[in-house]
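Working notes, structure below.
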Ligand SMILES: [Zn+2]
């Protein structure tokens, strides 16, 4: 069952309600009976999506950092991925 998060417009209390998607949304705060609004996007799906983006971004960044470290080359001023031709070395031609 999905969890829905609500916020009371009157007292600011936040609470989660387990309910079916077909259930009617809550309208009243259990504490003060004030009006509540459902926090759209507070559900697990949205959080997952958000953190997914974050992780992807974080990973690619740290990956670049790691590459810089490993290559030992001084970092260029601009952090742009430049395709540079690899000089072939240590590959002796067979005459
Ligand atoms: Zn309230």
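Every number here is computed from the coordinates shown, using simple stated rules; none is lab data. Predicted model only: the values in this text are computed from it and were never measured. Quick reminder, even Gly has a Cβ in these numbers, built from the backbone with ideal geometry, and neighbours come from all protein chains shown.
Which order do the peptides 3-9, 23-29 come out in when sorted by mean C-beta neighbours inside 10 angstrom, highest first?
Per-residue mean Cβ counts within 10 Å order the peptides as 3-9, 23-29.
Here the spin labels are modelled as points 7 Å beyond Cα on the Cα-Cβ line, and at residue 21 and residue 78 they lie 4.6 nm apart.
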